[in-house]
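Following: one structure in structure tokens, then a few remarks.
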Amino acid sequence: MVEEKKVQDEGNLDLQAILKKANEETNFPEVSLDEFEPPTDEEWKEACQALLKAAPFDKIMYTKTYEDITFEPMYTKKHTDEILPKGVLPGEGDFLRGARENGYVGQPWGVAQACDETMPKENNALLKFENDHGSTVYNVKVDNATLQNIDAADAEKVGDIGCSITTLDDMHQVLEGLKLDEFPLYVYAGASAVPMLSLVAATLEADGKNAKNLKGFVGANPIAEMVVNGKSLAPMPQLYDEMAEAAKWAIANAPGLKTVMARSDVFSRGGANDVQEIAYTLAMGVAYIRAMMERGLTIKEAAGQIFFGFSMGANFFMQIAKMRAVRPIWANIIKAFGGDTEDQRIHVHGRPALFFKTEFDPYVNMLRDTTQIFSGVVGGLDSYENPSFDESIRKGDVFSRRIARNIQIMLQEEFGMLQPIDPAGGSWAVETLTKQIKEKIWAEFQAIETKGGIVAALKEGYPQAQIAEVLAKRFKALDLRKDRIVGSNMYPNMTEKLLDPRTEDFAENKAKRVAEINAYLASVLDGKDAALSALKAAAAGEVEAKAIAAAKAGATIAEIRDALNKGGELEAVEAIAAHRWSERFEALRKVTEAYKAAHNGDNVKVFLANMGPIPQHKARADFSTSFLQVGEFDVELNNGFQTTDEAAAAAKESGADVCVICSTDKTYPEIVPELAPKLKAALPNATIYLAGAAPKDLEKVYMDAGVDDFISVKANCYQILEFLQKKKGMID
């Protein structure tokens, strides 16, 4: 083989010349493929249909997604030649092929593992630990009280989702000893960056450090926070004023720091499809661009302040396509505002969609996380946060954090994901999907624009209704098990015990925090009230500097918030509630577990009336067992019965709540009319199911014989399980 150095030395040769030289040096014979005639599409389809036998080709081979995009069974060059990005390299044009010309070569994506310890000092230790073990971003996750600018003393749940930060001393503890001149700092700040940024900047000033070296973001996202909570933290014009103030200060004092974080969690956690997630988040970005430009920033300054955060979902190829599609869309948006090429370059942070995390069989989340980060990296994001697999249950521990972090490190160090530049470029399937989703995102973005922008659309309830419609479709597909969640609505682990949630004692957290805060405030010198008064009276262009002065004087985050408030009516919209796709099936299973615990292990008992030898009934018996164990019901297994009398006698002895007749479609016409009445007589209160979907002409015959319903691939699993729980008395 030609050595790599030789290929590099002859880089001036075209590809064909290199291959020719390789063949000459390795004595590879020339191979002609003329004897093989390329099959036509029709010939390929005919071959597939022969393998599918009676199954309908169009139904089996085409897959429609929640984005209303249909995956085709095969993509070829002749079908996609016109859309391939010819003559455009990564880092060029509208950035379809990547935001940088060298991809991750020399500049890997940032490993941004979120640190969420409640106590500031402990969170600092975790930040250092993560950094020492491979994380390349200091990602500080704060609790909900901090996001709402509420002091710990007034918080309901201190440390519920992250670190509690109230004072300058708290921020000093969080940032102490961090190498902020080397590694970026990420802090999602909620509706306004001003209070959090003032604590960060004041800490650096107090420590004699230069904010000009700061990188990353201390980012605000007021529209998303309004949608999460159903109302704005302050009137939106005021929050936009604060956004502009934070941006102007950062441009002058910390040019490497961004102050807007338009992240999509509120949409993705509501069940949005990928088109909706991207379109609505870009619309938020446009709203922020307009707000900042109206307040005196140029397009270059405004665009340079925005970091985007997107969630990676369950559809692997769609995630790659959406990450590639978002770059040219944003580039064209900024171009329309008058931004130059550098302004058009989007900055993207990714994380797995919490919507797709499960509580049961949680270790499967590791696999989900791996595919999601892989698709995000192939799609070309700038940094990635990979939460622990038990994120939906509790805060991570040493083990779960290590696994999460090492997935990223392995992709970089062991699997060579830093080397390929635009690895999906030229893929007939991915290029087609990219074009399709890009067009749909643009159309949905324009729909928002015609309504007057994202805030007007949210007040109208349009995004909420669109997302709710998709969520309903997702839940219906899960109920029918067209969508499958391993460990939840398919393949449940009957011996599984839920992970210990390690519930924090929020009252104890609060007591510790209040003691720390009071000790610090007792040492604060006079001057806080004057500094807060100066902040309250600050003129445009002075707000952030005055907020920093107030933080240095000892003002708490709530006091800074109060000084910023100018009064006025808060804006309200219909909130988008957070969901997870597995939540309804998890709730069913928890109902069963609670009932068993309260009734000495009593449960819905299922008897399988397996008729005939094992090969005759096994397929239907296995399907029915898996179907009913999703509700964690007790299923009594057996090797089958030769006569209906034997089956009925065994059913009576079981005392079951449910009987399922299992055999084949061919034998049912003979078995069911005889067996169903005997089962009804043996267990008058039991529900009788037939495994399989009966033909229309036999459905009434079977039901007249005593069959109550059918368990098949067409059955609504959720409804059947819920019905049986109600009948048992587990739920009202």
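Candidates in region 456-472 are the residues that are out of contact with any Lys or Arg (no Cβ under 8 Å at 6 or more places or on another chain) and open to solvent by 30 Å² or more (accessible area, probe 1.4 Å); of these, the one that is farthest from residue 483 (Cα to Cα) is 456.
Considering only residues in region 347-373 that are of a type in the set (S, T, N, Q) and either open to solvent by less than 10 Å² (accessible area, probe 1.4 Å) or closer than 19 Å to residue 136 by Cα (or both), the one that is nearest to the chain's Cα centre (by Cα) turns out to be 372. Can we say residue 376 is of a type outside the set (S, T, N, Q), in a strand (DSSP E or B), surrounded by 18 or more Cβ atoms within 10 Å (Cβ to Cβ) and at negative phi? The answer is no for residue 376. Within region 554-572, the residues that satisfy the criterion of being touching a helix residue (DSSP H, G or I) at 6+ places or on another chain (Cβ under 8 Å), open to solvent by 50 Å² or more (accessible area, probe 1.4 Å) and more than 20 Å from residue 144 (Cα to Cα) are 566, 568. For region 138-197, give me each residue that is free of Cβ contacts under 8 Å to residues at least 40 places away in the same chain and under 21 Å from the mean Cα position of the chain (by Cα). Within region 138-197, 143, 144 meet the criteria. For region 434-455, a residue qualifies if it is open to solvent by 10 Å² or more (accessible area, probe 1.4 Å) and aliphatic (A, V, I, L, M), and the qualifying residues are 443, 447, 455. Listed conditions (1) surrounded by fewer than 19 Cβ atoms within 10 Å (Cβ to Cβ); (2) in contact with a helix residue (DSSP H, G or I) (Cβ under 6 Å, 6 or more places away or on another chain) are all met by residue 95, apart from (1).
Tell me yes or no: at least one residue of region 58-78 is part of a loop (DSSP other than H, G, I, E, B), among the basic types (Lys, Arg) and farther than 30 Å from residue 174 by Cα. No. Within region 101-112, the residues that satisfy the criterion of being open to solvent by 20 Å² or more (accessible area, probe 1.4 Å) and out of contact with any Pro (no Cβ under 7 Å at 6 or more places or on another chain) are 102, 105, 106, 107, 108. For residue 550, are the conditions met, namely being surrounded by fewer than 22 Cβ atoms within 10 Å (Cβ to Cβ) and small (Gly, Ala, Ser)? Criteria not met by residue 550.
Residue count for region 243-282 under the criterion of being more than 19 Å from the chain's Cα centre (by Cα), assigned to a helix (DSSP H, G or I) and buried (at least 24 other Cβ atoms within 10 Å of the Cβ): the result is 7. Just one of the listed residues (375, 388) is closer than 25 Å to residue 187 by Cβ and modelled with pLDDT of 95 or more, namely 388.
For the condition assigned to a helix (DSSP H, G or I), at pLDDT 90 or above and out of contact with any strand residue (DSSP E or B) (no Cβ under 6 Å at 6 or more places or on another chain), residue 46 does not qualify. Within region 384-401, the residues that satisfy the criterion of being open to solvent by less than 30 Å² (accessible area, probe 1.4 Å) and either under 15 Å from the mean Cα position of the chain (by Cα) or over 21 Å from residue 118 (Cβ atoms) (or both) are 384, 385, 386, 387, 388, 389, 390, 392. Of all the listed residues (344, 408), the sole one being over 30 Å from residue 162 (Cα atoms) and buried (at least 21 other Cβ atoms within 10 Å of the Cβ) is 344. Within the set of pairs 6 or more residues apart or between chains, which connect a residue that is on the phi > 0 side of the Ramachandran plot and of a type outside the set (A, V, I, L, M) inside region 445-468 to a residue that is open to solvent by 60 Å² or more (accessible area, probe 1.4 Å) and in a loop (DSSP other than H, G, I, E, B) with Cβ atoms less than 8 Å apart? Taking only residues 6 or more apart or on different chains, the pairs are 461/574.
Only one of the listed residues (381, 418) is open to solvent by less than 20 Å² (accessible area, probe 1.4 Å) and either assigned to a loop (DSSP other than H, G, I, E, B) or at pLDDT below 95 (or both). That residue is 381. Of all positions in region 311-319, at least one carries a residue that is in contact with a Leu (Cβ under 9 Å, 6 or more places away or on another chain), in a helix (DSSP H, G or I) and of a type outside the set (A, V, I, L, M). The set of residues in region 113-143 that are over 16 Å from residue 189 (Cα atoms), outside any loop (DSSP other than H, G, I, E, B) and open to solvent by 10 Å² or more (accessible area, probe 1.4 Å) comprises 121, 122, 124, 125, 126, 128, 129, 131, 132.
For region 240-289, the set of residues classified as among the aliphatic types (A, V, I, L, M), within 20 Å of residue 197 (Cα to Cα) and in contact with an Asp or Glu (Cβ under 9 Å, 6 or more places away or on another chain) consists of 244, 246, 247, 250, 251, listed by residue number.
Strands (runs of 3 or more DSSP E) fully within region 648-732 that include at least 3 residues being among the hydrophobic types (A, V, I, L, M, F, W, C) and open to solvent by less than 30 Å² (accessible area, probe 1.4 Å): 658-662, 687-691. Looking across region 221-242, just one residue is buried (at least 24 other Cβ atoms within 10 Å of the Cβ) and of a type in the set (Asp, Glu), and that is 242.
Just one of the listed residues (156, 117, 122) is at pLDDT 95 or above and touching a strand residue (DSSP E or B) at 6+ places or on another chain (Cβ under 8 Å), namely 117.
The set of residues in region 633-669 being within 26 Å of residue 700 (Cα to Cα), of a type outside the set (S, T, N, Q) and without any contact (Cβ under 8 Å) to a residue 12 or more places away in the chain consists of 646, 666. Counting only residues that are open to solvent by 20 Å² or more (accessible area, probe 1.4 Å) and not in a helix (DSSP H, G or I), region 625-647 holds 10 of them.
The values are calculated or read from the model by the stated rules, or taken from the named source; none is laboratory data. Since we're looking at a predicted model, the values are computed, not measured. Ideal geometry is used to build each Cβ from the backbone, glycine not excepted, and the neighbour counts take in all protein chains shown. The accessibility values were calculated without ligands, DNA or RNA, using every heavy atom of the protein model including side chains. Shrake-Rupley method; radii C 1.70, N 1.55, O 1.52, S 1.80 Å.
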